[in-house]
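Shown next, in structure tokens, is the structure this report addresses.
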């Protein structure tokens, strides 16, 4: 999930909601190297300033959502110059008005202070 959007077709029912979590790994080398773990704190803030964009399309409708990469359910780790998140529950939620197959795409506009190494959005259908 960098410049191009990742896409997936999902079958949904009217009234369903789509919710999202994000797994990502970012490089902290672009951040000021400060003693005392401050660089890790700056990286967390930069990830939280990054924006997840969601588009949900079917033949007759289009829904979009945009939200920061901050939320609950974070498992965070640091290794050298890398920061990892797994299961970051973001606040984006897209309600579905019409049943059928929908094309769901996700992309991230990353804060310029960090370099994304990998990212994956996971979509969950909630009835």
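The values are calculated or read from the model by the stated rules, or taken from the named source; none is laboratory data. Keep in mind that this is a model prediction, so the values were computed, not measured. Cβ: placed from backbone, ideal geometry, glycine included. Neighbour counts: every protein chain shown.
What is the one condition in (1) farther than 18 Å from residue 7 by Cβ; (2) more than 13 Å from the chain's Cα centre (by Cα) that residue 62 does not satisfy?
For residue 62, the exception is condition (1).
Take residues that are farther than 19 Å from residue 121 by Cβ and modelled with pLDDT under 85 and tell me which of the strands (runs of 3 or more DSSP E) falling wholly in the range 1-86 contain 1 or more.
Hits in the range 1-86: 75-79.
Filter the range 53-62 down to the residues that are crowded, with 16+ Cβ neighbours inside 10 Å and more than 14 Å from residue 9 (Cα to Cα) and list them by number.
The one that is crowded, with 16+ Cβ neighbours inside 10 Å and more than 14 Å from residue 9 (Cα to Cα): 53.
Out of all the residues in the range 91-106, is one or more modelled with pLDDT of 90 or more and farther than 18 Å from residue 62 by Cα?
The answer is no; no qualifying residue exists.
Does residue 31 satisfy the criteria of being more than 18 Å from the chain's Cα centre (by Cα) and buried (at least 19 other Cβ atoms within 10 Å of the Cβ)?
When the stated conditions are applied, residue 31 passes them.
Is there a residue in the range 116-124 that is in a loop (DSSP other than H, G, I, E, B) and surrounded by 14 or more Cβ atoms within 10 Å (Cβ to Cβ)?
no
Considering (1) over 20 Å from residue 53 (Cβ atoms); (2) loosely packed, with under 15 Cβ neighbours inside 10 Å; (3) within 12 Å of the chain's Cα centre (by Cα), say which one residue 87 fails and leave the rest.
(1)
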